[in-house]
1. Looking only at the range 31-58, which residues are surrounded by 15 or more Cβ atoms within 10 Å (Cβ to Cβ) and either outside any loop (DSSP other than H, G, I, E, B) or among the hydroxyl-bearing types (Ser, Thr, Tyr) (or both)?
2. Please enumerate the residues belonging to the range 138-159 that are in a helix (DSSP H, G or I) and away from the ligand (no atom under 13 Å from the Cβ).
3. Go through the range 75-134 and give me each residue that's more than 9 Å from the ligand (Cβ to nearest atom), hydrophobic (A, V, I, L, M, F, W, C) and either assigned to a loop (DSSP other than H, G, I, E, B) or loosely packed, with under 10 Cβ neighbours inside 10 Å (or both).
4. For the range 60-74, which positions are surrounded by fewer than 16 Cβ atoms within 10 Å (Cβ to Cβ), without any contact (Cβ under 8 Å) to a residue 60 or more places away in the chain and over 25 Å from Ile119 (Cβ atoms)?
5. Just one of (1) without any contact (Cβ under 8 Å) to a residue 12 or more places away in the chain; (2) within 12 Å of the ligand (Cβ to nearest atom) trips up Gly54, so point out which.
Amino acid sequence: MRTLVVGGTGMLGGVVTALANDGDHVTVLARRGWRGGSVQGRVSSLLLGYRQTGTLELALKHNGLFDRMVAWIHPDTPGAFGILQQVVTGDVLCVLGSADADPGFPARIPAAGEPREVILGFVREAGHSRWLTDAEISVGVLQALCSGEPRSVVGTVTPWSERP
Ligand SMILES: NC(=O)c1ccc[n+]([C@@H]2O[C@H](COP(=O)([O-])OP(=O)(O)OC[C@H]3O[C@@H](n4cnc5c(N)ncnc54)[C@H](OP(=O)(O)O)[C@@H]3O)[C@@H](O)[C@H]2O)c1
């Protein structure tokens, strides 16, 4: 399986490592290279910024197709997602921040075949709330990837008034 992880050098590092250990050939797209070791020679870096959409499109043309993609892309980057999607033949999982669960702006559940979504929520514990750790994010995103659910949440987004 050829998997593209956009933003894999940050909080999704655990996703990259786990997928590579599981046998995937993982390509990490970020401006700086992967620094998490070779992981059995199955991780490579694609040094690209997703904001320069012209450069992104050209560079991706020379990298072949991917079987699936996990993408953490800043929401103010129009165009990048569509370009990335063109080089993926199968499952696409978008990692979204908690703002995408705002009950004031209810979202549509993705239909079959559309990019799936995993929302990063928060954790309620011992009378207070906190954001997720990188490790919790990676575990939750991996679960979402394996589950096939169209839309899922890591942690919780309810009650919304208690987010940190
Ligand atoms: N709900 C929650 O609990 C929640 C939600 C979101 C974030 N967080 C926390 O907040 C921390 C910081 O979040 P973060 O957004 O900085 O995420 P991050 O995953 O730590 O870093 C962003 C990732 O995207 C890449 N990236 C950024 N801009 C890019 C660009 N223009 N082109 C290509 N790649 C780009 C970065 O690599 P390069 O810089 O090398 O390009 C990096 O791999 C995280 O560690 C996480 O723990 C928590």
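Every read-out reported here was derived from the displayed coordinates using simple, explicitly stated rules and does not represent laboratory data. Just so we're clear, the structure is a prediction, and the values are computed from it rather than from any experiment. When we count neighbours, we look across all protein chains shown, and the Cβ atoms used for this are built from the backbone with ideal geometry, even at glycine.
1. Once the filter is applied, which keeps residues that are surrounded by 15 or more Cβ atoms within 10 Å (Cβ to Cβ) and either outside any loop (DSSP other than H, G, I, E, B) or among the hydroxyl-bearing types (Ser, Thr, Tyr) (or both), the range 31-58 yields Val43, Ser45, Leu46, Tyr50, Thr53, Leu56, Glu57.
2. Leu142, Gln143, Ala144, Leu145, Cys146, Ser147
3. Of everything in the range 75-134, those that are more than 9 Å from the ligand (Cβ to nearest atom), hydrophobic (A, V, I, L, M, F, W, C) and either assigned to a loop (DSSP other than H, G, I, E, B) or loosely packed, with under 10 Cβ neighbours inside 10 Å (or both) turn out to be Val87, Phe105, Ala107, Ile109, Ala111, Ala112, Ala126.
4. Of everything in the range 60-74, those that are surrounded by fewer than 16 Cβ atoms within 10 Å (Cβ to Cβ), without any contact (Cβ under 8 Å) to a residue 60 or more places away in the chain and over 25 Å from Ile119 (Cβ atoms) turn out to be Lys61, His62, Asn63.
5. Gly54 satisfies all of (1) without any contact (Cβ under 8 Å) to a residue 12 or more places away in the chain; (2) within 12 Å of the ligand (Cβ to nearest atom) except (2).
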